[in-house]
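Take a look at the structure set out below.
The values are calculated or read from the model by the stated rules, or taken from the named source; none is laboratory data. Model, not experiment: these values are computed from the prediction. Here the Cβ positions follow ideal geometry from the backbone for every residue, glycine too, while neighbour counts run over all protein chains shown.
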Ligand code: 2AM
Ligand code: CA
Ligand code: CA
Ligand code: CA
């Protein structure tokens with residue numbers, strides 16, 4: 001395991017360098033709509049990581065956001081799950097507040113997770129039974145704060161359309177935050193900065209964060225307590241045990 005962790009860290013470092021040196025030469029295209037973007041850098045980083053994984057473990061399966069690898073029939077065996085750039089819109093417009101995410105699952109069980117905030121040089125990583133780290137330092141387990149004691153991360157569409165009564169839930173918190181980057185929202189829970197995150201996510205958006213959150217005793221699931229499927233985009237809830245239970249109670253079923 002230790003050897004694999006070292007390999008993954010070196011791939012991520014190299015990928016981060018590639019991103020930093022390619023921000024001047026972006027080719028941007030639309031996917032499903034004008035705010036759903038992909039760039040040449042997303043594709044290049046995905047291809048770079050896939051090549052590294054294949055030469056390290058030719059047997060491993062790969063699930064990754066951009067074209068070519070975004071479907072798997074099952075999670076049997078070792079599966080690497082990649083989001084080459086999480087927060088592409090932030091990457092294009094802000095040049096920051098994005099991350100690279102990579103997770104390792106063994107037959108559906110999350111083993112390792114990596115969330116790399118490239119521009120801040122912060123790598124959140126760890127895994128089942130090994131703890132959670134920010135760069136070289138072990139992170140303390142976040143306190144089990146309630147909804148009224150902390151900040152709530154939300155997806156802007158869900159909040160804007162008041163889906164599932166999310167605005168009333170937000171009003172019970174200390175305040176609402178929308179980072180536009182699922183990885184950094186989940187890292188905010190790991191740091192104890194946010195108490196929960198409500199969103200609509202694909203497997204590569206939550207795979208890495210989930211491993212780290214679970215290691216810290218945080219709770220994650222589909223919006224109404226269903227297990228995450230890892231095979232489609234779905235509503236998502238993660239939080240401290242206390243905030244998770246309160247939010248689950250307050251969510252309105254009818255959307
Ligand atoms: P992405 O940048 O990798 O696509 C904010 O929109 C967050 O939701 C980002 O982490 C974004 O990841 C994710 N997201 C997932 N599916 C999305 C979609 N269809 N359109 C926009 N954002 C999406
Ligand atoms: Ca995307
Ligand atoms: Ca993403
Ligand atoms: Ca992405």
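Determine if region 194-204 includes at least one residue that is in contact with a helix residue (DSSP H, G or I) (Cβ under 7 Å, 6 or more places away or on another chain) and touching a residue at least 60 places away in the same chain (Cβ under 8 Å). Working first, answer last.
First pass over region 194-204, keeping only residues in contact with a helix residue (DSSP H, G or I) (Cβ under 7 Å, 6 or more places away or on another chain): 194-201.
Then drop every residue that is not touching a residue at least 60 places away in the same chain (Cβ under 8 Å), which leaves none.
The answer is no; no qualifying residue exists.
Please name all residue pairs, on different chains or six or more residues apart, with Cβ atoms under 6 Å, provided the first residue is in region 168-192 and is without any contact (Cβ under 8 Å) to a residue 60 or more places away in the chain and within 13 Å of residue 158 (Cβ to Cβ) and the second residue is near ligand 1 (Cβ under 10 Å from one of its atoms) and part of a loop (DSSP other than H, G, I, E, B).
As it stands, the answer is 185/179, since those pairs meet every condition given.
Counting only residues that are over 19 Å from the mean Cα position of the chain (by Cα) and within 16 Å of ligand 4 (Cβ to nearest atom), which one in region 48-93 is farthest from residue 7 (Cα to Cα)?
Ranking the candidates gives 93 first.
Looking at 21, 32, 10, which one is closer than 16 Å to residue 201 by Cβ and either surrounded by fewer than 19 Cβ atoms within 10 Å (Cβ to Cβ) or over 17 Å from the mean Cα position of the chain (by Cα) (or both)? Quick ask: steps written out before the conclusion?
Details: 21 fails: closer than 16 Å to residue 201 by Cβ; 10 fails: closer than 16 Å to residue 201 by Cβ.
Among 21, 32, 10, only 32 is closer than 16 Å to residue 201 by Cβ and either surrounded by fewer than 19 Cβ atoms within 10 Å (Cβ to Cβ) or over 17 Å from the mean Cα position of the chain (by Cα) (or both).
Collect the residues in region 160-175 that are touching a strand residue (DSSP E or B) at 6+ places or on another chain (Cβ under 8 Å) and surrounded by fewer than 18 Cβ atoms within 10 Å (Cβ to Cβ), keeping them in residue-number order.
174, 175
Quick check on my filter: what residues within region 1-51 are part of a loop (DSSP other than H, G, I, E, B), touching a residue at least 24 places away in the same chain (Cβ under 8 Å) and touching a strand residue (DSSP E or B) at 6+ places or on another chain (Cβ under 8 Å)? Spell out how you get there, then give the answer.
Taking region 1-51 and keeping what is part of a loop (DSSP other than H, G, I, E, B), we get 1, 21-27, 31-36.
Next, from what is left, pick out any that are touching a residue at least 24 places away in the same chain (Cβ under 8 Å): 1, 23, 26, 35.
Correct list: 1, 26.
Please work out if residue 183 is in a strand (DSSP E or B), in contact with a strand residue (DSSP E or B) (Cβ under 8 Å, 6 or more places away or on another chain) and buried (at least 18 other Cβ atoms within 10 Å of the Cβ). Talk me through it step by step, then tell me what you get.
Details: in a strand (DSSP E or B): no; in contact with a strand residue (DSSP E or B) (Cβ under 8 Å, 6 or more places away or on another chain): yes; buried (at least 18 other Cβ atoms within 10 Å of the Cβ): yes.
Spelling it out, it is not the case that residue 183 is in a strand (DSSP E or B), in contact with a strand residue (DSSP E or B) (Cβ under 8 Å, 6 or more places away or on another chain) and buried (at least 18 other Cβ atoms within 10 Å of the Cβ).
For (1) touching a helix residue (DSSP H, G or I) at 6+ places or on another chain (Cβ under 9 Å); (2) over 17 Å from residue 112 (Cβ atoms); (3) at pLDDT 95 or above, each residue gets a yes or a no:
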{"site": "51", "(1), (2), (3)": "no, yes, yes"}
{"site": "57", "(1), (2), (3)": "yes, no, yes"}
{"site": "63", "(1), (2), (3)": "yes, no, yes"}
{"site": "73", "(1), (2), (3)": "no, yes, no"}
{"site": "82", "(1), (2), (3)": "yes, no, yes"}
{"site": "89", "(1), (2), (3)": "no, yes, yes"}
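Given (1) touching a strand residue (DSSP E or B) at 6+ places or on another chain (Cβ under 8 Å); (2) farther than 26 Å from residue 56 by Cβ; (3) surrounded by 16 or more Cβ atoms within 10 Å (Cβ to Cβ), identify the lone condition not met by residue 115.
Among (1) touching a strand residue (DSSP E or B) at 6+ places or on another chain (Cβ under 8 Å); (2) farther than 26 Å from residue 56 by Cβ; (3) surrounded by 16 or more Cβ atoms within 10 Å (Cβ to Cβ), residue 115 violates only (2).
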